[in-house]
1. Per DSSP H run of n ≥ 4, the term is -39500 (n - 2.57); total these for the chain, divide by its residue number, and report the mean residue ellipticity at 222 nm rounded to 500 deg cm²/dmol.
2. Shape verdict for region 23-91, please, from the Cα gyration tensor: rounded (a/c under 1.5), prolate (a/b greater than b/c) or oblate.
3. Evaluate the charge dipole of the chain about its Cα centre and quote only its size in Debye, nearest 20, assuming +1 on the Cβ of each Lys and Arg and -1 on the Cβ of each Asp and Glu.
4. Could you work out the percent of alpha carbon pairs in the chain separated by over 28 Å, rounded to a whole number?
5. If you take the charge dipole of region 4-133 about its Cα centre, with +1 on Lys and Arg Cβ and -1 on Asp and Glu Cβ, which of TYR76, HIS109, GLY47 is farthest toward its positive end?
6. In whole Hz, with x marking every Gly and Pro, tabulate ³J(HN,Hα) for region 90-106 from phi via Karplus 6.51 cos²θ - 1.76 cosθ + 1.60, θ = phi - 60°.
7. Testing the spin-label approximation: label points 7 Å from Cα along Cα→Cβ at VAL137 and SER49. State their distance in nm.
Amino acid sequence: MHTCFIGVGSNLGDPVAQANQAIAALSELADTQLVDVSSLYASKPMGPSDQPDYVNAVAKLTTTLTPLALLDALQYIELHQGRVRKDERWGPRTLDLDILLIDDLAIDHPRLTVPHYGMREREFVLYPLFEISPNLVLSDGVALSQLIQSCPRNGLETIDNA
Ligand code: ROI
């Protein structure tokens, strides 16, 4: 059994609805339990700035799926919600589901790198993760609370998701 954290991101096609629908889909994944989910957050785009603001969240799962089976399941949800993979790097997307952490595993596979390479610098990952796991310590001993201290919010705000 693995404990995983998943980053949810969207900035096209009603991003709040996309994020909520993705979280609902995560809660129905086979062999998987949705343990916790952060608030939704509005964030400024990282990368090209001529794209809409993002909605971001982080979900905590436990699963007996293998890491690559989990990746397949997440990519299926992305495609089901209308994601079209474009060549443009860091362009807008209807739904992005990123595996951030799986236990204390380090995975270096052509399809999957864990921990997610950008997570330590991204306010839209660190703050939602901190909301649901304030005592998290990464496998190298660095506390999430420490990373937060050196990560400006950059306009990040929680969204009223009533
Ligand atoms: N920027 C924000 N704010 N949120 C994201 O989820 C996000 N995802 C991406 C890139 C394009 C890097 N920028 C982002 O993939």
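Quick note: the coordinates plus some simple rules give every number you see, no bench work behind them. This one's a predicted model, so the numbers in the text were calculated from it and none came from an experiment. As a convention, Cβ positions derive from the backbone with ideal geometry for all residues, glycine included, and neighbour counts pool all protein chains shown.
1. Values: 4 runs with 43 residues, N = 162.
Dividing the helical sum by the residues of the chain leaves -8000 deg cm²/dmol.
2. The shape class here is oblate.
3. In total the dipole reaches around 220 debye.
4. 14
5. GLY47
6. 6, x, x, 8, 5, 7, 10, 10, 10, 6, 8, 9, 10, 6, 9, 6, 10
7. 3.9
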